[in-house]
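These notes are about the structure you will find just below.
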Amino acid sequence: MILSRTFRDKWRPPLSLVVAGVLGIMLLVPLAGVAFFRVYENQLIETTEAELIGQSAAIAAAMAQRLEEIGGADLPLGPEVAKATEVPGSRSIYLRNPGGSWTPQLPELDLTRTTVLPGRGAPRPAAEPPLLEYLSAGQAVDRILQETQKKTLAGFRVLDFNGVIIAGREDIGLSLAHVEEIKRALSGHYASALRERIVDNPQPIYSISRGTSVRVFVAMPIIVSDRVAGVVYASRTPSNILKEMFVKREAVFWVVVFVLAATFVVGFIFARAITGPIKALTRRSLAIGNGEREALVPLAIHGNREIHALSESMLDMSRKLFDRNDYISTFANHVTHELKTPLTSIQGAAELLKDEGAELSEADREKFLGNILHDTERASKLLNRLRDLARADSVEIGGSCRLSEVATALRRRFEGLEIDLSGEADLPMSAENARIVFENLIDNSRRHAASRVSIVAVPDEKGLTVQVQDDGEGISEGNQDQVFELFFTTRRQSGGTGMGLGIVQALLKAHGAAIRLLPGAGGATFELFFPVRPPAISPASGS
């Protein structure tokens, strides 16, 4: 689109770019949610830890029962468990009641606070071999560990109170006592850790299906007679976010469809209700600026109320400008024509006096001088009426006056002419403007041989109607449609300029009023209508 220089002086984003930006932001909203998936990932880790806690607690209870059955009262045990009600630095809360001790364990791992440790090292040779009672109890629960691992994909090892593995996989007899979470569990406290997970198969599909790059480790102490008998060491990789999304792919698919559909609907609404109408309005305004009158038609699609109001006001303003331009052009032609006649007459008479002045008789010289004076007076009168018309077009709006006061001034101005007033009212215009209106109407009546003029005021809820009726010659039917045209007059020879009613109409129009000629026999009747003014809005009003 070709725009004017003022459009190009400073770069401003087009509305289509703004709309595209809004739609882009809408699309980024769900995508930006990926950045917050860490919260969901943290939830997955907490869920994994909670599941491992439950599984480890069950295995620890089974292992404690088995150890008591095998070892009896002479079973060697580790250190005594502290009876604190709350372990410092732990979210564990230890409760006791008369029937025994309750130790509900809450997940402690948090991605935002927990340090991810390096991958767990390999088991080391044990300083002392495990006791036979512990190996026997470990064999008893080994099948439970294997079956649990098949269902949960978690890894389990059972250690004695020295940190030596007694159940779980092939590394029985080796020690994990050097591992930090094992050390804490061997002291009688629950411990957990996040450790880096080394992926042997780096394929993306494998990574998605097998979880994240960290692994959760849980060390649950085995308590027998309030002493540490060993540790259940469990680990599992949390579920991966992408895997979860794949599992719930149908729901994710419909969410994506909804987001895309919503974006399309918003884009369509923007294009239909804002972008399209504004572009059409811009093209229309440029066409009107180039003088194309065929562009003065309503838009096919307005889109919304505000653009409709803007379009209608722009088109209305453009029509008024075109009408004003036509008026000025016609007015200039009329003025040129009206002034040309007396000026031509003055020029002709002056040339005759100049060229043949000595040969002209005194009577002819007086005649030509009289013509010059008459035409000069006519031109001067025409210019004065043009000035009055210009004032009427740019008159100051406002004020009010009593119709009776205007009638009194009219009687002084037109002595010898009977002026009757019926009814009283406040005219919504200044006394000076009202005087100009009624003086032109009554002067027009006097020029048409009227001896009596009656003014009748009739107010009602719609406004004020004022009729001005005379008993003069009236206006012929053929001239009734032209009486308000500028420079139309049937009294040109007697000094009529044909601008009186034009001035009246322009002045009333500036005040929002109207005038029309009422048909009827005998004399002329003009009806003036002043609509009710809307209440003025005080600057101090409103909230």
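The values are calculated or read from the model by the stated rules, or taken from the named source; none is laboratory data. Please read these numbers as outputs of a predicted model, since none were measured by experiment. In this analysis, Cβ positions are derived from the backbone assuming ideal geometry, glycine residues included, and neighbour counts consider all displayed protein chains.
Observations on the model:
- ALA273 being over 23 Å from LEU153 (Cβ atoms), surrounded by 14 or more Cβ atoms within 10 Å (Cβ to Cβ) and either hydrophobic (A, V, I, L, M, F, W, C) or within 32 Å of the chain's Cα centre (by Cα) (or both): yes
- Looking across region 484-526, the residues that are in a loop (DSSP other than H, G, I, E, B), modelled with pLDDT of 75 or more and more than 23 Å from ASP471 (Cβ to Cβ) come down to HIS511, GLY512, ALA513.
- Single match in LEU281, LEU286, LEU315 (criterion: touching a helix residue (DSSP H, G or I) at 6+ places or on another chain (Cβ under 7 Å), over 30 Å from SER380 (Cα atoms), modelled with pLDDT of 80 or more and part of a helix (DSSP H, G or I)): LEU281
- Complete set of residues in region 50-72 that are over 17 Å from VAL228 (Cβ atoms) and among the small types (Gly, Ala, Ser): ALA50, GLY54, ALA58, GLY72
- Identity of the residue in region 437-473, buried (at least 20 other Cβ atoms within 10 Å of the Cβ) and not in a strand (DSSP E or B), that ends up farthest from the chain's Cα centre (by Cα): ALA450
- Scanning region 145-173 for residues that are surrounded by 18 or more Cβ atoms within 10 Å (Cβ to Cβ) and aliphatic (A, V, I, L, M) gives LEU145, ALA154, VAL158, LEU159, VAL164, ILE165, ILE166, ALA167, ILE172.
- In region 220-270, residue modelled with the lowest pLDDT [restricted to those that are surrounded by 14 or more Cβ atoms within 10 Å (Cβ to Cβ) and assigned to a loop (DSSP other than H, G, I, E, B)]: ASN240
- One residue from GLU377, GLU396 being within 30 Å of ASP426 (Cβ to Cβ), exposed (fewer than 14 other Cβ atoms within 10 Å of the Cβ), acidic (Asp, Glu) and at pLDDT below 75: GLU396
- Those strands (runs of 3 or more DSSP E) lying entirely in region 63-167 with at least 2 residues at pLDDT below 85: 95-97, 100-102
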